[in-house]
1. Can you name the helices (runs of 4 or more DSSP H) wholly within the stretch A:1-93 that have at least 2 residues being aliphatic (A, V, I, L, M) and either crowded, with 18+ Cβ neighbours inside 10 Å or at negative phi (or both)?
2. Here is a list: A:Ile158, A:Ile117, A:Ile96. Which entry is surrounded by fewer than 20 Cβ atoms within 10 Å (Cβ to Cβ), closer than 24 Å to A:Gly319 by Cβ and modelled with pLDDT under 80?
3. Looking only at the stretch B:176-214, which residues are among the aliphatic types (A, V, I, L, M) and modelled with pLDDT under 85?
4. Could you list, in sequence order, all residues of the stretch B:117-138 that are closer than 16 Å to B:Thr30 by Cα and away from chain A (no Cβ under 14 Å)?
5. Mind counting the residues in the stretch C:68-86 that are at the interface with chain A (Cβ under 9 Å from one of its Cβ atoms), hydrophobic (A, V, I, L, M, F, W, C) and out of contact with any helix residue (DSSP H, G or I) (no Cβ under 6 Å at 6 or more places or on another chain)?
6. Given the conditions (1) in contact (Cβ under 8 Å) with a residue 12 or more places away in the chain; (2) within 14 Å of chain A (Cβ to nearest Cβ), report the number of the one that C:Lys41 does not fulfil.
7. Which of the residues belonging to the stretch B:25-53 are touching a Phe, Trp or Tyr at 6+ places or on another chain (Cβ under 6 Å) and either within 18 Å of B:Ile148 (Cα to Cα) or among the polar types (S, T, N, Q) (or both)?
8. Give me the helices (runs of 4 or more DSSP H) completely within the stretch B:40-148, filtered to those with at least 3 residues that are without any contact (Cβ under 8 Å) to a residue 60 or more places away in the chain and out of contact with any Leu (no Cβ under 6 Å at 6 or more places or on another chain), ordered by residue number.
Amino acid sequence: MNKSYFFNLKSKQKIIILVLIFTFLFSLITGFWNGSYDLEIIKFFKNELDNIQQFVLKKIRFPRVILAAFVGSSLALSGACLQGLFRNPLADPGLIGVSSGAALGAAFSIVLGSEIIVGGYLKTFLLPLSAILGSVVVIVLLSIITNGFKNSNITYIILAGIAINSLAGVGIGFLTYISDDAELRGLSFWSMGSFEGISWNLIIPSIIMILITTLWTLTFARKLDIIQLGENDAHRLGVNIRKLKINIIISSSIIVGVSTSLVGMIGFVGLVVPHLVRLLGGSNHNYLLIASILFGSSLMIIADLISRTIIQPAQLPVGLITSAIGAPFFLWLIYNMKRK
Amino acid sequence: MNNRKYYLYLFLLLIFNWSTSQKNNSCVKTINPSKVVVAGGSITEILYFLNLEEKIVGIDVTSNFPEETKEIQSIGYVRNLSSEGILSLEPTLVLGEDDMGPPTTINQINESGIDLRIISESQNIDGIIYKIMCIGSIMGKEYETENIINNQILNQANELKNIQKKNNLKDLNIMLVLSMQPSSIIVAGNNTSGNSFIKMLGAKNIFDSFEGWKSVSKESIIKKNPDYILIPEKNLHKNSEVEKLSEDLMFKNTNAGKKGNFIFEDGMAMLGFGPRTILSALKIAKIINE
Amino acid sequence: MSICVNNLSCKIGRKEILKNISLEINVGEIIAILGPNGSGKSTLINTISGNLKKNSGEIIINKKKIEQINLKKQALIRATMSQSHKILYDFKSKEIIELGWIQFNSSNFSEALKKVSVECNILDLLEKNFSILSGGEQQRIHFARTLIQLYNDFRDEERYYFFDEPSSNLDLSHEMTLFKILKQKANESYGVLIALHDLNLAYNFADKIAILKKGKLVHYGTPEEVLNNKNLSEVYELPIRVNKDERMIKYY
C-alpha cells in the first residue's frame, strides 16, 4: 500500500471517514452497554460488577459485538469489491450466491462431517474451511458463466446468482431432510443468521483470518479504480486483470465464507453499505473500501443490538433486521437506476 | 404394579442418574428453586400440575397450557434461545428438554454457573411418571410429588397399562396426522412423539417405516388403510370438520374414512408427554375399544 | 529507438485479422493508419498495446521484444486511447484523468493535471461529474487521461502514444486542438500512431502513412509517396482525387 494512500483522499472524504470512525466507536460502546440484561457499564470501570454481570459483559456481549463488527465489515467489504470488479451495482455476496455457497459448504460439514472421522483439532476448522470452499466453488461457477467476468452484463450475473441460490437452497433443503435431529438444530437458523451463542474460543481463529484478509484486500483499491475504465484500458495501465479477479475471489471467499460459517446467511449488508458510502463521499476505492468497513461494522452491531433487545428476553434472527433495512433501500436503488 | 415397586424403580433411576451422568441430566434437588426458566411445554405443564407455578419467571413459545401461561414472559423459540435474555430474568434454575438450543447458548448458560437441567424424556407411561418425579425432585418436593402422582395419575396409568397388556389393539392400524394442507399431509413416522403415542395405546403406527415427521402421498394412505386417524388439533373438534374430512375422497377409501373414525385431541395433551398425555391416551384407548 | 512491427499476424478465433504487417513507429513522427472498416486498424493498435496476443511475428519496443517487457513497464512507455466503456459509478472528470496517473504520487499530479488541462482546454470540465458530460466532452477527458499517463518522471526510454479515432465525437475546433497537440508531442520526441478515417487530416498532419485493407498492409510510406488517386480509389473502392497543390483529397 502506497504511503500516499491516505493523502489521496479528498478532504470531504477524510471528514466522512473520521465521522465513520466515531460512529463505529459509538456503536461498539452502545453494543457493549446494552442488552436484555440490566448492566450499568459505569460499574465496569469501578470494578463493581458481580460475577454474573461480568460473565454477561465479558463472555456474552464482548465476543458477540466484536464478531458482529468483523462480520459486518466483511460483508460490506466484499460487496464493495464485487461491485467494483463486476462494475455492477447489484453485486453483493448474497445476491450472487456466495453466501449460500458458504452456507451449503457449512451444511455439508455439519450433516456429513460426523460421518468422516476427523481429528478433534481439525474439526474446529472444518466448519469455516468447508464454508470457504463453498464460496470458492460459487465464485468459480460465476466466473465460468460470465466467461471470466468479461460478460459483466447485469442480467447474466443476477440470473446466475438466482440459479446458484436455488441450487444451494436445494442442497441445504436436502441435507436438512436427511439429517437427524441434533444436526438439524445446527442447520435450522442458517437462512436468517444469528449472533447467538458466540464465545471467544469460537471466534478467535476466524477473526484473525478476517483481519489479515481485510488488510490484504485494501491493497486492491487503486486497481479497482482503474478497472472502472474497462478491461482493455486497465490492462494498458499496467493492471494484471486476471490476477486481480483471482485475488478478489479469494478475498471474498475467505471473509464471507468465514462469516457465514459462524453466523449463517445475513443479506443486504454487502449491497447497501457500499452504495450509501458512495452517495456520501464518492466512488474511489481507497475511500470506499475503508468507509465500507467502518459503516458495515457499525450497521451490523446496531442490527444485532436490535435483534437481541426488541423482543427481549427472546431474540429475532439478525438477518430479519438487515433485510428490513436493506429491502426498501434495494427498491429505491432500482428506482434510481431506472431514472438514469 | 403396586406403589412400592414404583418408588423402588424411581429411586434406582435417581441413584443411577446421580452417580453416572453429568450434572445437566441429574434429578438431584437444586440449591435454589425460587426462580425457574422453562424451555418445553410439558415441563411448564408439570410445574402447574405440581402447584409450583409461582416459581416460573420465563417460558418458551410451546408452553401454552394452562391459560395462565399467557402472563409469563416469553424467552422465544426453544431452538433459538438467547443466553443473555435468559440471564436477564435472573433465574436460579433453567429447565428444558433435549431440543433446547442452539448448543453454543446452552454451553454459555452452563458456563455462567446457573443450574441447567435437561430432563431426559422416555415417551411412554413410565417415562412420563419419571419426568414428573424428576422435576418434583429437582424442585425439592419429592413427597408432595409422590402424593400428587398417587392421587391423580397412578390409577389412570395402571388402567392404561392393563389395556396395553390385553393387547386387543395390537393389530389396529393407526396414523397420526400433524398437518393437512392439500399439498402436504405430514404424518408421524418412527422416532416421533406421534409414534410413541400410538404405541402407548398399544396399537400400530402404519407409517413407522420411515424416520421423523414426513409428508406422504394420498395413495400410500389408501394403500396402508388406517382404521383410525388421530389428529392433534383441538380446534377441528366440530362435526362439520369431520364431515369435510370424511368427504375427502382419499379418506373415503380407507377403513377410518368409511366408519368416520377420526379422533381429535389437543396437540400438547397428546404429544407433550406430560400429565395430560396419560389421560388422553386412556380416553382414546377407551373410545377405540368400543 | 522505435517500435518495430515485423511480420505481425493476428487471429481472432479462426479468422485472420492481421496478415504479415511490418511497419515502424519512430519518435518525432506521426504515423497515420488508414483503411476501410474492418481492415484491422483497431486490431493492430490492440495488438501493439498488448491487449491481444499475436499469432506470429514480432513487436519490438525500444529494442526489446514485447513479451519481455512487464505490464507495468509497458504502461510507462506507451499510452493508448481507443473506444471507451461507459463508466458506471459517479466520478468527477478530474478523477477519471487521475486514473491515468500511474505513478500515483500525489505531489506531482496537480502540476501535471494543470498542464494537461490547459493543453486540452478542459479546465471548465474538471469538477463536473463525468457521467453528465456529452460524448465529445467525455472523449476529451479520455484524451487528457491518455496524455497524462506519460507525463511522469520516467525518462529513460523513448515513449509512444497510440490513438484509435480519438476525435470521432469532436467538433472541428476541438479536433484541431487535438491534432495540434499530436504535432507537439511528436516535436517533444514522442512517437505517435493514430488510426483515422479522415484522409485530409492524415494528409496534412502525418509524417508517415500506412494503409490497411482486409488485414494486409497495402501501402506504406510518406504522404507524398502513398496518397495518390490510384492507391486511394482502389483501397476505398470509391473515385478519389488527390489535389497536391492545395493538399486536399476529394471523394465526393
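1. A:11-33, A:41-45, A:62-86
2. From the options A:Ile158, A:Ile117, A:Ile96, the qualifying one is A:Ile158.
3. B:Val177, B:Leu178, B:Met180, B:Ile185, B:Ile186
4. Passing the criteria: B:Arg117, B:Ile119, B:Lys131, B:Ile132, B:Met133, B:Cys134, B:Ile135, B:Gly136, B:Ser137, B:Ile138.
5. Going through the stretch C:68-86 one residue at a time, the tally reaches 3.
6. Exception for C:Lys41: condition (2).
7. B:Ser26, B:Ser42, B:Glu45
8. In the stretch B:40-148, the matching helices (runs of 4 or more DSSP H) lie at B:83-88, B:103-111.
The values are calculated or read from the model by the stated rules, or taken from the named source; none is laboratory data. Everything numeric here is computed off the predicted structure, so don't read it as measured data. Quick reminder, even Gly has a Cβ in these numbers, built from the backbone with ideal geometry, and neighbours come from all protein chains shown.
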